Amino acid sequence: MSKQNSAFIGLMQRARNVKRWPLMAQFQEEMLSTHVYEASVVAHMLGAIAADVFNEDVEPDRVATMAIFHEGSEIAGMSDIPSPVKYHDPETTTAIKKLERRFESMLLQTLPDALKDRYQPLIQQDKEDIHVRLAKAADVLCAYLKCEYEMSKSNNEFSNALEEMEMQLQKYREMHTCVDYFCKTFLEGAKGTLDEQTRDLDWVKNANDTHF
C-alpha cells in the first residue's frame, strides 16, 4: 500500500528556510531555495553545452534534475555546514558525510514506495555519473558568483571563500570542456549590472524614441 500524507514536498519546500553561508556576514543573504534554482539553470546550460557544442553523451534535463536534488541532506535537516567545519579534518569530514547519507535516506523514506526507485538516484547521487559531476560544477560556479558578488559590494568576508572557489572552478574547467566554454562565454556577463547585461537589446532605443 502506498504511503499516505508524504512529507517529501513539504521538506523540499523548506529549502526557502535554509540559510547559505550561515557563519558569514552577507550583503545579500542567500537561501538554499535561491541557490538550488540558480544551480539548476547553470547545470542545464552545462549539459546543453556538453551535448550540443561538444557532442557528448549528456542529457541537459538530467543534469538540471541532479542540481535540483543535490542538497537533499541540507533540506532534510542538516542545513548548510560551512566548509571550514566540514573539512576541518578527515574524521570530521567522514562523520559529516555519513550524516549526509543518513539524511538523504530519511528524505527518500518519506516517499511512497512506488516512487522511491525513481528518486533514489536523484537523492543518493552517484558521484561518478557525468550528470552529477556537471551538477556539482554548477554548484561551484554559483558559489563562485556569490563570492564575486559579495566582494563587489566590498564585503571582504568572502575573500578567502572566493580564492577557494576559484581553485575549485579551475579544476572543473580542466576536467570538463563544457565548464571552460561556459566560463568563457557566460561568466563575465553574469557579473554585470542589468544595464550592461541588456545593452545589446532594443529597450534603450525604444525608450528614447518613446520619450523624445
If you average the C-alpha positions of the stretch 155-198 and of the stretch 118-143 separately, how far apart do those two centres end up, in angstrom? 19 Å
Please list, by residue number, every one of the GluC sites (Glu not before Pro) in the stretch 4-38 that is coil in DSSP and has at most 14 other beta-carbon atoms within 10 Å. GLU29
For ASN17 and LEU115, extending 7 Å from Cα along the Cα-Cβ vector and measuring point to point gives, in nm, a value of 1.9 nm
If amide hydrogens are placed 1.01 Å from N in the peptide plane, which non-local residues have theirs closer than 5 Å to the one on MET31? ARG20
Note the listed values [x] 32, 22, 19; [y] 26, 20, 17; [z] 34, 25, 17, then indicate which one is semi-axes √(5λ) of the Cα gyration tensor in Å calculated from this particular structure. [x]
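Helix-derived [θ] at 222 nm for the chain: sum -39500 (n - 2.57) over DSSP H runs of at least 4, divide by residue count, nearest 500? Spell out each step's value before the answer.
Values: 12 runs with 130 residues, N = 212.
Value at 222 nm, helices only, nearest 500: -18500 deg cm²/dmol.
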How many nm separate the modelled label positions at LYS184 and ASP89, each set 7 Å beyond the Cα in the direction of the Cβ? 4.5 nm
Whole-Hz ³J(HN,Hα) from phi, Karplus 6.51 cos²θ - 1.76 cosθ + 1.60, for the stretch 28-33, glycine and proline x: 10, 4, 10, 9, 4, 4
From the phi angles alone, apply the Karplus equation (6.51, -1.76, 1.60; θ = phi - 60°) to the stretch 176-181 and give each ³J(HN,Hα) in whole Hz, x where the residue is Gly or Pro. 10, 4, 5, 5, 4, 4
Quick one: Karplus J couplings for the stretch 135-146, per residue in order, coefficients 6.51, -1.76, 1.60, θ = phi - 60°, nearest Hz, x for Gly and Pro? 5, 5, 4, 5, 4, 5, 4, 5, 5, 4, 5, 4
Between rounded, prolate and oblate, where does the stretch 21-144 land on the alpha carbon gyration tensor, with a ≥ b ≥ c its root eigenvalues, rounded for a/c under 1.5, else prolate if a/b exceeds b/c? oblate
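Since every read-out is calculated from the coordinates, none of them should be taken as a lab result. Predicted, not measured: the structure shown is a model, and the values here were computed from it. Quick reminder, even Gly has a Cβ in these numbers, built from the backbone with ideal geometry, and neighbours come from all protein chains shown.
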